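Here is the structure we will look at, set down as structure tokens.
The values are calculated or read from the model by the stated rules, or taken from the named source; none is laboratory data. It should be emphasised that the depicted structure is a prediction, and the values quoted were computed from it without experimental measurement. Positions of Cβ are generated from backbone atoms using ideal geometry, with glycine treated the same way; all protein chains shown enter the neighbour counts. Quick note on the areas: whole protein, heavy atoms, side chains included, nothing else; ligands and nucleic acids left out. Shrake-Rupley method; radii C 1.70, N 1.55, O 1.52, S 1.80 Å.
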Amino acid sequence: MQKRLFLKAVLGLAVLSAASLPALAESALDRVKAAGVLKVGTETAFAPFDFIDEAGEHTGLNVDVFAEVGKELRVKIEWVELPWDGVLPALEAGQFDMVAGPATITKARLERYRFLSPVAEATVAFLKGKGEADITKPEDLAGKTVGAGKATAQLAQVQEYSKTLATPIETREYVSFNEAYADLAAGRIAAVGNSLPNIAYVASKQPDVFEVVLPPFGKKSYFGFIGTKKPDDQPLLDAVQAALVKMKGDGRMAELQKKWFGTSFDTPDEVPEPNF
């Protein structure tokens, strides 16, 4: 009898001790797999990466790339759309799992966020109005008004380049690059500073309205997808990283780049040291 009571007491203590132990932390990958959904934040005014087409559908390189990522992880992709200046704060607030964007990989951003394998080149150039004879090279924008997206690395590069000119560029900030393109088409600004893949795409769609100013004036840079540096986010970001590298290796990434840019980019598997 006493032996039975002793065993019951020991068992009761074991159950109590187990109940009081903290549960093992669930990673972001565990949560995504359990829900069957990967939430991705982005803006939809950054063609050809993310934009709304004539049918009102969200489309672009990012949509196609994440469709493949979803297949690799066996989850659905849920898009959360915000103006760019709100995307990174929303990531930190946990409104979605990661950012498509993509964003230019910079030293300052690398200190705060984790970037994944670059998906395209991001070197910055100017877009001008078709036939603007007084603008044939980047230096010709001295003293003129140039538009760029608010809180973007492209705006920062325009402002940095401006310091090298005898007469500084006057920069005008826009909530989205689409608004900057509209003002350029209307003649309200002299040029738009954006990454070469973006403005080359815009010029190809409206060749009678826009023209790219070559060569690019910005430092060599790349676009990448973003996550946080929180420990529980790392398994998820590792899984997405592996999917991106696999897509580069089997040719899927090059095919999607050719679809949206007309060319493919030789991008490194790992994040390179930024030039700025």
task = Could you please find all residues in region 4-32 being at pLDDT 95 or above and more than 24 Å from Met253 (Cα to Cα)?
result = Ser27, Ala28, Asp30, Arg31
task = Would you check which residues across region 71-83 are part of a helix (DSSP H, G or I) and buried (at least 18 other Cβ atoms within 10 Å of the Cβ) and list them?
result = Leu73
ask   = Could you say whether any residue in region 88-98 is farther than 19 Å from Asp233 by Cβ and in a loop (DSSP other than H, G, I, E, B)?
value = no
request  = Name every residue in region 158-183 that is surrounded by fewer than 21 Cβ atoms within 10 Å (Cβ to Cβ) and small (Gly, Ala, Ser), in order of residue number.
outcome  = Ser162, Ala166, Ser176, Ala182
Cβ pairs under 8 Å, 6+ apart, first in region 129-157 and open to solvent by 60 Å² or more (accessible area, probe 1.4 Å), second hydroxyl-bearing (Ser, Thr, Tyr) = Lys150/Tyr174
note = Selection over region 207-241 where residues are without any contact (Cβ under 8 Å) to a residue 24 or more places away in the chain and hydrophobic (A, V, I, L, M, F, W, C) yields a count of 0
query = For the subset of region 33-70 comprising residues that are of a type in the set (A, V, I, L, M) and either in a strand (DSSP E or B) or closer than 17 Å to Pro118 by Cβ (or both), which member is most open to solvent (accessible area, probe 1.4 Å)?
reply = Ile52
inquiry  = Can you go through Glu173, Glu132 and tell me which one is touching a Gly at 6+ places or on another chain (Cβ under 9 Å), over 30 Å from Val245 (Cα atoms) and not β-branched (Val, Ile, Thr)?
reply    = Glu173
Filter result (small (Gly, Ala, Ser) and open to solvent by 10 Å² or more (accessible area, probe 1.4 Å)) within region 184-214 = Ala185, Ala186, Gly187, Ala190, Ala200, Ala203, Ser204
note = The condition from (1) over 19 Å from the mean Cα position of the chain (by Cα); (2) open to solvent by 50 Å² or more (accessible area, probe 1.4 Å) that Phe217 misses is numbered (2)
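Okay, residues lined up against (1) at pLDDT below 95; (2) out of contact with any Gly (no Cβ under 6 Å at 6 or more places or on another chain); (3) charged (D, E, K, R):
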{"residue": "Ala103", "(1), (2), (3)": "yes, yes, no"}
{"residue": "Glu111", "(1), (2), (3)": "no, yes, yes"}
{"residue": "Glu121", "(1), (2), (3)": "yes, yes, yes"}
{"residue": "Gly149", "(1), (2), (3)": "no, yes, no"}
{"residue": "Glu211", "(1), (2), (3)": "no, yes, yes"}
Residue that is nearest to Phe115 (Cα to Cα), among those in region 243-270 that are among the small types (Gly, Ala, Ser) and in contact (Cβ under 8 Å) with a residue 24 or more places away in the chain = Ala243
query = Is there a residue being of a type in the set (S, T, N, Q), over 28 Å from Glu26 (Cα atoms), in contact with a helix residue (DSSP H, G or I) (Cβ under 9 Å, 6 or more places away or on another chain) and open to solvent by 40 Å² or more (accessible area, probe 1.4 Å) anywhere in region 250-267?
reply = yes
